[in-house]
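Input: a single structure, listed below in C-alpha cells.
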Amino acid sequence: MSDDGHVPVVSVVGKSGVGKTTALELIIREIKRRGYRVGTVKHDAHGFEMDKPGKDSWRHAQAGSDSVVISGPRKMAMIRKMDEEMPLEDIVELMGDVDLVISEGYKRGNKPKIEVSRLERGNGLLCQPEELIAIMADYPLDLPVPRFDLEDAAGIVDLLERLYLRSTEESE
C-alpha cells in the first residue's frame, strides 16, 4: 500500500513480441518468492473472449445477463458487459488485498512504466524516459532511467521494493 492508501500500480509495456509476458512472469515469481501479494491486469486493446461458446456461463450471457460470475472453491471470474473500457484504477479496486498490481499494457496510461525492449524488434522505445521507472533490454541504452537485462527480475523487484513496497519490518 502506498503512502496515499492506494495499491501501487506499475505497467509493463513494450512493442509486440519483445517478451513482456515472459518478463512479467519472472517478475511475478520473484515478487511472490519475497512474500508479497501481487495482482496483475492484462490489457487487450483489441477485445477478447474469455468464455467458451456453449458453456453454461456463455449461455447465461447469450440469454442476456449483463454480469456473469463463474465461481469455484479456489477462484472466481466475472464477465460484465460495459459500454466503455473500465479505468485501470477501478479494476485495481476490484482486486482485493494485494501489495502491488502490475499491468501488462496500458502504454498510454498515467502509471509508472517498465518498458521491455529487444534490439531485434527495433531499438526505439514506446515511452519517453520521464514516463519510465526502468527499462529491461538486451542492448545498452544511454538514458536517465535504470536499465536491467531481460532476465533480471531480482533487479526489477529490488527497484519495486525501494519505490513501492514496504517490508514487514518497516510497516510494524
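Out of all the residues in region 112-121, which are farther than 14 Å from S11 by Cβ, open to solvent by 30 Å² or more (accessible area, probe 1.4 Å) and in contact (Cβ under 8 Å) with a residue 40 or more places away in the chain?
Going through region 112-121, the residues farther than 14 Å from S11 by Cβ turn out to be 117-121.
Next, only the ones that are open to solvent by 30 Å² or more (accessible area, probe 1.4 Å) stay: 118-121.
R118, R121, listed by residue number.
Please state which of the following conditions W58 fails to meet, knowing it meets all the rest: (1) in contact with a Lys or Arg (Cβ under 9 Å, 6 or more places away or on another chain); (2) assigned to a strand (DSSP E or B); (3) free of Cβ contacts under 8 Å to residues at least 60 places away in the same chain.
(2)
For residues in region 74-111 being part of a strand (DSSP E or B) and of a type outside the set (A, V, I, L, M, F, W, C), which is nearest to V9 (Cα to Cα)? Step through it out loud before you land on a result.
The first filter runs over region 74-111 and keeps only residues part of a strand (DSSP E or B), leaving 76-80, 100-104.
Adding the requirement that they be of a type outside the set (A, V, I, L, M, F, W, C) leaves 80, 103-104.
Working: R80: 23, S103: 7, E104: 11 Å.
Within region 74-111, the match that is nearest to V9 (Cα to Cα) is S103.
Would you please list the contacts, defined by Cβ atoms under 9 Å and residues six or more apart or on different chains, that run from a residue in region 87-107 that is aliphatic (A, V, I, L, M) to a residue that is in a helix (DSSP H, G or I) and at pLDDT 90 or above?
That search, which allows pairs on different chains as well, returns L100/I31; L100/L160; I102/L24; I102/I27; I102/I28; I102/I31; I102/L160.
Which residues, counting only those in region 112-131, are at pLDDT below 90 and either among the aliphatic types (A, V, I, L, M) or part of a loop (DSSP other than H, G, I, E, B) (or both)?
Passing the criteria: G122, N123, G124.
Please count how many residues of region 80-98 are over 19 Å from the mean Cα position of the chain (by Cα) and either exposed (fewer than 11 other Cβ atoms within 10 Å of the Cβ) or under 27 Å from I31 (Cβ atoms) (or both).
Just the residues of region 80-98 that are over 19 Å from the mean Cα position of the chain (by Cα), to begin with: 80-84.
Still in the list and also either exposed (fewer than 11 other Cβ atoms within 10 Å of the Cβ) or under 27 Å from I31 (Cβ atoms) (or both): 81-84.
Counting residues in region 80-98 that are over 19 Å from the mean Cα position of the chain (by Cα) and either exposed (fewer than 11 other Cβ atoms within 10 Å of the Cβ) or under 27 Å from I31 (Cβ atoms) (or both) gives 4.
Given the conditions (1) more than 19 Å from the chain's Cα centre (by Cα); (2) open to solvent by less than 20 Å² (accessible area, probe 1.4 Å); (3) in contact (Cβ under 8 Å) with a residue 60 or more places away in the chain, report the number of the one that Y139 does not fulfil.
(3)
Suppose we filter G72, G109, G96 for residues that are of a type outside the set (K, R) and at positive phi; which single one remains? Step through it out loud before you land on a result.
Details: G72 fails: at positive phi; G109 fails: at positive phi.
Of the residues listed, the single one that is of a type outside the set (K, R) and at positive phi is G96.
Quick one: is R59 over 16 Å from S11 (Cβ atoms) and open to solvent by 100 Å² or more (accessible area, probe 1.4 Å)?
On the way: over 16 Å from S11 (Cβ atoms): yes; open to solvent by 100 Å² or more (accessible area, probe 1.4 Å): yes.
In short, yes.
The values are calculated or read from the model by the stated rules, or taken from the named source; none is laboratory data. Please read these numbers as outputs of a predicted model, since none were measured by experiment. Virtual Cβ from ideal backbone geometry, glycine too; neighbours counted across all protein chains shown. Each accessible area value is taken on the protein alone, full model and side chains, heavy atoms only, with ligands, DNA and RNA left out. Shrake-Rupley method; radii C 1.70, N 1.55, O 1.52, S 1.80 Å.
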